[in-house]
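Below is one structure; the comments refer to it alone.
The values are calculated or read from the model by the stated rules, or taken from the named source; none is laboratory data. Just so it is clear, the model here is predicted, and its values are computed rather than measured. Here the Cβ positions follow ideal geometry from the backbone for every residue, glycine too, while neighbour counts run over all protein chains shown. Note: accessible area is taken over every heavy atom of the protein model, side chains too, but ligands, DNA and RNA are not part of it. Shrake-Rupley method; radii C 1.70, N 1.55, O 1.52, S 1.80 Å.
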Amino acid sequence: MISSTPARESLQDATPSTRSLRIESIDVLRGIAVLAALYVSVWIFGGFSNQQQYHWLQVSRGWNYRIYGAMELLINGKMRALIAIVFGAAMVIFLSKPSVPGKLATPELFIRRQMWLILFGLINAVIFLWTHDILFHLGIMGILLFPFVRMSYRGLFIAALLMTLIYCGKNFWSYADKQDKYQKYLVVTSLEKKYEKDSVTLAFKGTIKAKDTLTKLEVQDKKAWEGLLGSMKVDLKKDEGKVKAMHTESYGKAWNHLLPDTQMWEAMWTYQFGIWDFAGMIFLGMALYKYGFFANKYSGSKYLLLSLCCIAAGLLLGWFRLYYLQVTLNDFTKYVKGYAVPHDIFFPFERALLALGYAGLVLYFLSARLFTGICHAFSCAGKLALSNYILQTILCSLFFYGYGMGYFGRVNQFKLYVFASEMIIVQIAFSVIWLKYYQHGPAEWLLRKLYHSKERAAEKVVPFDSTLPANSFL
């Protein structure tokens, strides 16, 4: 059992009203996060590339610019943070359950669950071709962080702050590498000028001498900066190759084309940034749960005040990031020369503040009993979060990729959001109807069956068993 802190009752000690509200709030937040994340996922599925996004930032006018800016500020990265926060809270709930004599201990069940979740993520990424799957990351991070569940909420808050600061540091160090490349480039260009000047002087004096040339390392330093500078230039023609590749009707060719992106996201990005990205928010979710945040601890007015303050601060940081991203895109050399920190230095805090603000707003609605129908709909979607997440991948890949309907790169930004909205409505309707007949979604049931398989080897497993705990998590 996880020891409780003063005024923060455990799940078992909670009153029925508190307990149901706590579970409801987590389900609602999970449903909002998984469904709203589709507005960003559809960029990747539909071919709304970084080049197109940066193009509209440079244009800085028109509806395309305004809509993209709104999605970038309000959703991009924030829904992933909210999913991680809810995941951290659900970890505490799961690991707070006492072990049942004669069955697997709760920590062992949790580890088995995470290992199966990793496999689900790999299937979603490698087989269903979602290059930015997060199930794999949640599975890995759950295993790495589950020993910390026993920490006090204060310790968890400190851990969340530390992880977020390290994430900021990683962004700074990445930018420092670029500054270093520029300094090396300056050294090389100064040498080139010196060599050229010496050659001209010698030629004027009639002296014949072999011309000094750059070393192999100096040539590499020069090409490194020129390559980086070229990658920062917005050119819509860079998308032509990917669009052509994604229009292929061969699943195998599409798989080969997307595999490098999948490997980068599941491997390199994970080790460089993903650990800090997820760890900070998972720790925050653990801390908030232990503090009683999801249990209606405060009055509605306090939740609303917290929400408004966090959202305002997050949007301010987001404006700072987008403004200086525009400066970066317009003249990257000028930015590197004039600014000591990258444009995204505070992005980790931006996403944390906005995710916390959204969570506070939902808790306010629940405590004030506002939008109860909408909250119920998102709660249903949250209970089927794993099924809905995988279903998004299957439907989007079939709609956009060449082996399906082939709309990759053929749908403008506004229509992508229309498609995402229609899909969200369908998934909400599916979730509400499904839960009228079953306690769990198909993917949730399969996951439970797999991680309980050792215990149930000699038992008859009833599909979608209604006696299983209701508060599942991704």
Filtering the stretch 249-266 for residues that are hydroxyl-bearing (Ser, Thr, Tyr) and open to solvent by less than 30 Å² (accessible area, probe 1.4 Å) leaves a count of 1
With the first residue restricted to the stretch 26-47 and required to be open to solvent by less than 10 Å² (accessible area, probe 1.4 Å), and the second required to be part of a loop (DSSP other than H, G, I, E, B) and of a type in the set (A, V, I, L, M), Cβ contacts under 6 Å at 6 or more apart or on different chains are GLY46/VAL411
Checked pairs for the stretch 423-448, first open to solvent by 60 Å² or more (accessible area, probe 1.4 Å), second outside any helix (DSSP H, G or I), C-beta under 8 Å and 6 or more apart or across chains, list as PHE430/LEU384; TYR438/PHE464; TYR438/SER466; GLN439/PHE464; GLN439/ASP465; GLN439/SER466; GLN439/LEU468; GLN439/ALA470
Note on the stretch 274-301: residues surrounded by fewer than 22 Cβ atoms within 10 Å (Cβ to Cβ), out of contact with any helix residue (DSSP H, G or I) (no Cβ under 6 Å at 6 or more places or on another chain) and either at pLDDT 95 or above or of a type in the set (S, T, N, Q) (or both) are ILE275, SER299, SER301
Scanning the stretch 28-79 residue by residue, those assigned to a loop (DSSP other than H, G, I, E, B) and within 13 Å of the chain's Cα centre (by Cα) turn out to be ALA37, ILE75, ASN76, GLY77
With criteria (1) among the aliphatic types (A, V, I, L, M); (2) modelled with pLDDT under 95; (3) part of a loop (DSSP other than H, G, I, E, B), MET405 comes up short on (2)
Residue hits (the stretch 381-401; open to solvent by less than 10 Å² (accessible area, probe 1.4 Å) and of a type outside the set (S, T, N, Q)) are ALA381, GLY382, LEU384, ALA385, LEU386, CYS396, PHE400, TYR401
In the set ALA359, ALA377, the lone residue that is under 21 Å from the mean Cα position of the chain (by Cα) and either within 30 Å of TYR407 (Cα to Cα) or not charged (D, E, K, R) (or both) is ALA359
Log entry, pairs with first residue in the stretch 252-280 being in contact (Cβ under 8 Å) with a residue 40 or more places away in the chain, second being outside any helix (DSSP H, G or I) and among the polar types (S, T, N, Q), beta carbons closer than 7 Å, six or more apart or on different chains, reads ALA254/THR248; LEU258/THR131; ASP261/THR131; THR262/THR131; TRP265/THR131
Residue pairs within 8 Å by beta carbon, gap of at least six or interchain, first lying in the stretch 353-378 and at positive phi, second of a type in the set (Phe, Trp, Tyr), listed first then second, are PHE371/PHE365
Note on the stretch 339-352: residues touching a residue at least 12 places away in the same chain (Cβ under 8 Å) and either assigned to a loop (DSSP other than H, G, I, E, B) or among the polar types (S, T, N, Q) (or both) are TYR339, VAL341, PRO342, HIS343, ASP344, ILE345, PHE346
If we keep only residues of the stretch 323-333 that are touching a residue at least 60 places away in the same chain (Cβ under 8 Å) and open to solvent by 20 Å² or more (accessible area, probe 1.4 Å), then the residue farthest from TRP225 (Cα to Cα) is GLN326
Reported set for the stretch 122-143 where residues are surrounded by fewer than 23 Cβ atoms within 10 Å (Cβ to Cβ) and of a type in the set (Gly, Ala, Ser) is GLY139
Restricting attention to the stretch 144-156, the residues that are open to solvent by 30 Å² or more (accessible area, probe 1.4 Å) and assigned to a helix (DSSP H, G or I) number exactly 6
Taking the stretch 342-380 and the residues there that are of a type in the set (Phe, Trp, Tyr) and closer than 30 Å to TYR323 by Cα, the one that is most open to solvent (accessible area, probe 1.4 Å) would be PHE346
The residue that is modelled with the highest pLDDT, considering only those in the stretch 206-247 that are among the aliphatic types (A, V, I, L, M) and either in contact with a strand residue (DSSP E or B) (Cβ under 8 Å, 6 or more places away or on another chain) or surrounded by fewer than 11 Cβ atoms within 10 Å (Cβ to Cβ) (or both), is LEU217
Is it true that LEU317 is crowded, with 18+ Cβ neighbours inside 10 Å and in a helix (DSSP H, G or I)?
yes
Checked ALA159, ALA203 against criteria (modelled with pLDDT under 95 and either assigned to a helix (DSSP H, G or I) or open to solvent by 60 Å² or more (accessible area, probe 1.4 Å) (or both)); the one match is ALA203
Over the stretch 360-377, the set of residues out of contact with any helix residue (DSSP H, G or I) (no Cβ under 6 Å at 6 or more places or on another chain) and either under 18 Å from LEU316 (Cα atoms) or small (Gly, Ala, Ser) (or both) is GLY373
